[in-house]
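Report on one structure; see the data block that follows.
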Amino acid sequence: MEKRVSSRAIIIEDGKLLAMFRRKIKKDGSIKEYYVIPGGGLEEGETLEENVIRELKEEFNVDIEIVKFLGTEEYDDTIANYFLCKIVNGEPRLGGEELERMTQENYYEIRYIDLKDIDNYDINAKDLIKSIL
């Protein structure tokens, strides 16, 4: 199986990381809560940079500027490319597929995580995030 390629934006403002909180209620009734770095899958013909800019516009309704490429992390089914970015226009608010798919069983919320508490959160790319602090 080919792994899904994605681009993700690490955005830090005032010592806090911009993240997407997820809560999923599984078929067995158990609840999984975790955080994700905003971004998403690469579309055909798109560069990694174009991908992260488009995804942040769709998911968070913001325009971003890429500061630099931070690195790649490979997981079971995805290859995630991380960029340090900054918001140049707009205030983060939920949009795109996440807003359309949101239900009580599949909940999304934009949150800021205090970086001094990052180890207490279930989120990918902790080492990359710490490397820029």
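A compact table of results
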read-out: Filter result (within 18 Å of Asp119 (Cα to Cα) and open to solvent by 80 Å² or more (accessible area, probe 1.4 Å)) within the range 15-40; value: Lys32, Glu33
read-out: The range 94-121, residues that are in a loop (DSSP other than H, G, I, E, B) and exposed (fewer than 12 other Cβ atoms within 10 Å of the Cβ); value: Thr103, Gln104, Glu105
read-out: Options Glu43, Glu50: the member that is free of Cβ contacts under 8 Å to residues at least 12 places away in the same chain, assigned to a loop (DSSP other than H, G, I, E, B), open to solvent by 40 Å² or more (accessible area, probe 1.4 Å) and acidic (Asp, Glu); value: Glu43
read-out: Single unsatisfied condition, Thr103 versus (1) at pLDDT below 95; (2) of a type in the set (Ser, Thr, Tyr); (3) under 16 Å from Ile37 (Cβ atoms); value: (3)
read-out: Boolean, Arg22 is basic (Lys, Arg) and in a strand (DSSP E or B); value: yes
read-out: Of the criteria (1) closer than 17 Å to Leu17 by Cα; (2) surrounded by fewer than 17 Cβ atoms within 10 Å (Cβ to Cβ); (3) over 13 Å from the mean Cα position of the chain (by Cα), which one Ile87 fails; value: (2)
read-out: The range 123-133, residues that are under 19 Å from Thr78 (Cβ atoms) and open to solvent by 90 Å² or more (accessible area, probe 1.4 Å); value: Asp127
read-out: Test: residue in the range 53-67 that is in contact (Cβ under 8 Å) with a residue 60 or more places away in the chain and within 13 Å of the chain's Cα centre (by Cα); value: no
read-out: Tyr112 within 12 Å of the chain's Cα centre (by Cα) and farther than 23 Å from Arg4 by Cβ; value: yes
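The values are calculated or read from the model by the stated rules, or taken from the named source; none is laboratory data. It should be emphasised that the depicted structure is a prediction, and the values quoted were computed from it without experimental measurement. When we count neighbours, we look across all protein chains shown, and the Cβ atoms used for this are built from the backbone with ideal geometry, even at glycine. Side chains are part of the model used for accessible areas, which takes the heavy atoms of the whole protein and leaves out ligands, DNA and RNA. Shrake-Rupley method; radii C 1.70, N 1.55, O 1.52, S 1.80 Å.
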